[in-house]
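Peer 1: My questions all concern the structure below.
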Amino acid sequence: MSAPRRASRYVIEPLAEHHARADFTCGVAQLDEYFRHRVGQDVRRGATCAYVLVAPDEPHNVLGFYTLASAVVVLKDFPPEIAKRLPRYPHMPATLLGRLAVSLAHRGRRLGEHLLMDALAVSLRQSRVVASVAVIAEAKDQAACAFYTRYGFLPFSETPNRLFLPMKTIEQLTRGDRPRS
């Protein structure tokens, strides 16, 4: 995992024992249950990396979190205009943004955007060490789908709640370039 990163007046750091998971509530039962009871096991077993957003003056109080893991996407699942730019291997390496949530008490502060931008930056850095052609997000509902779409994520044609953002687009975003359509 990596060292803590500042996101305006907040810090994003790897999940640790001192973070109060039992108190976290985002309003989506599936995400709350996962963060409270299962994320620690997934981290210990090497199935995911979890990052939390905290305020420096309350380092135990989790304001939001996200998880990243390695993934594989079948080449034909990408839209044809994207697939034609990729090597002709049957499977493509990707990074899975498995879960992202902000606590109910801290909504409306653009913390979801802070978490997403950090997840994309981490994914881009790691793609230079372990190849990844895109970040995949699995939206739990239409609101989550709309959130990812606002940041340029594209749906897979067969599974519209599964979205992706090509690593080349993420690279352009981090440089401040306007992504090519």
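The values are calculated or read from the model by the stated rules, or taken from the named source; none is laboratory data. Computed from a prediction, not measured in an experiment: that's the story for all the values here. FYI the Cβ positions are ideal-geometry reconstructions off the backbone, even for glycines, and counts take in every protein chain you see.
Peer 1: Let me confirm something: among V130, V135, V122, which residue is within 25 Å of P14 (Cα to Cα) and surrounded by fewer than 21 Cβ atoms within 10 Å (Cβ to Cβ)?
Peer 2: V130
Peer 1: Right, next: Considering only residues that are crowded, with 17+ Cβ neighbours inside 10 Å and of a type outside the set (S, T, Y), look in the stretch 163-181 and name the one that is modelled with the lowest pLDDT.
Peer 2: The selected residue is L173.
Peer 1: Which members of the stretch 110-157 meet the condition of being closer than 12 Å to L100 by Cβ, in contact with a Phe, Trp or Tyr (Cβ under 9 Å, 6 or more places away or on another chain), part of a loop (DSSP other than H, G, I, E, B) and touching a residue at least 24 places away in the same chain (Cβ under 8 Å)?
Peer 2: A139
Peer 1: Please go through (1) surrounded by 15 or more Cβ atoms within 10 Å (Cβ to Cβ); (2) at pLDDT below 95 for K84 and return the number of the only condition it doesn't satisfy.
Peer 2: So K84 meets the others, but not (1).
Peer 1: Here's another thing I want to ask about it. Given the criterion within 25 Å of C26 (Cβ to Cβ) and either out of contact with any strand residue (DSSP E or B) (no Cβ under 7 Å at 6 or more places or on another chain) or of a type in the set (A, V, I, L, M, F, W, C) (or both), identify the matching residue among A131, A144.
Peer 2: Being within 25 Å of C26 (Cβ to Cβ) and either out of contact with any strand residue (DSSP E or B) (no Cβ under 7 Å at 6 or more places or on another chain) or of a type in the set (A, V, I, L, M, F, W, C) (or both) holds for just one of A131, A144, which is A144.
Peer 1: Go through the stretch 97-110 and give me each residue that's of a type in the set (A, V, I, L, M) and either crowded, with 21+ Cβ neighbours inside 10 Å or touching a helix residue (DSSP H, G or I) at 6+ places or on another chain (Cβ under 7 Å) (or both).
Peer 2: Hits for the stretch 97-110 are L97, L100, A101, V102.
So that you can scan it fast, the table gives a plain yes or no per residue for (1) out of contact with any strand residue (DSSP E or B) (no Cβ under 7 Å at 6 or more places or on another chain); (2) part of a strand (DSSP E or B); (3) in contact (Cβ under 8 Å) with a residue 60 or more places away in the chain:
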{"position": "Y34", "(1), (2), (3)": "no, no, yes"}
{"position": "T67", "(1), (2), (3)": "no, yes, no"}
{"position": "P87", "(1), (2), (3)": "yes, no, no"}
{"position": "L97", "(1), (2), (3)": "no, yes, no"}
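Peer 1: Still on this structure, I have one more. Could you go through the stretch 47-54 and let me know if any residue there is in a strand (DSSP E or B), within 18 Å of the chain's Cα centre (by Cα), hydroxyl-bearing (S, T, Y) and surrounded by 12 or more Cβ atoms within 10 Å (Cβ to Cβ).
Peer 2: Scanning the stretch 47-54 turns up at least one residue that is in a strand (DSSP E or B), within 18 Å of the chain's Cα centre (by Cα), hydroxyl-bearing (S, T, Y) and surrounded by 12 or more Cβ atoms within 10 Å (Cβ to Cβ).
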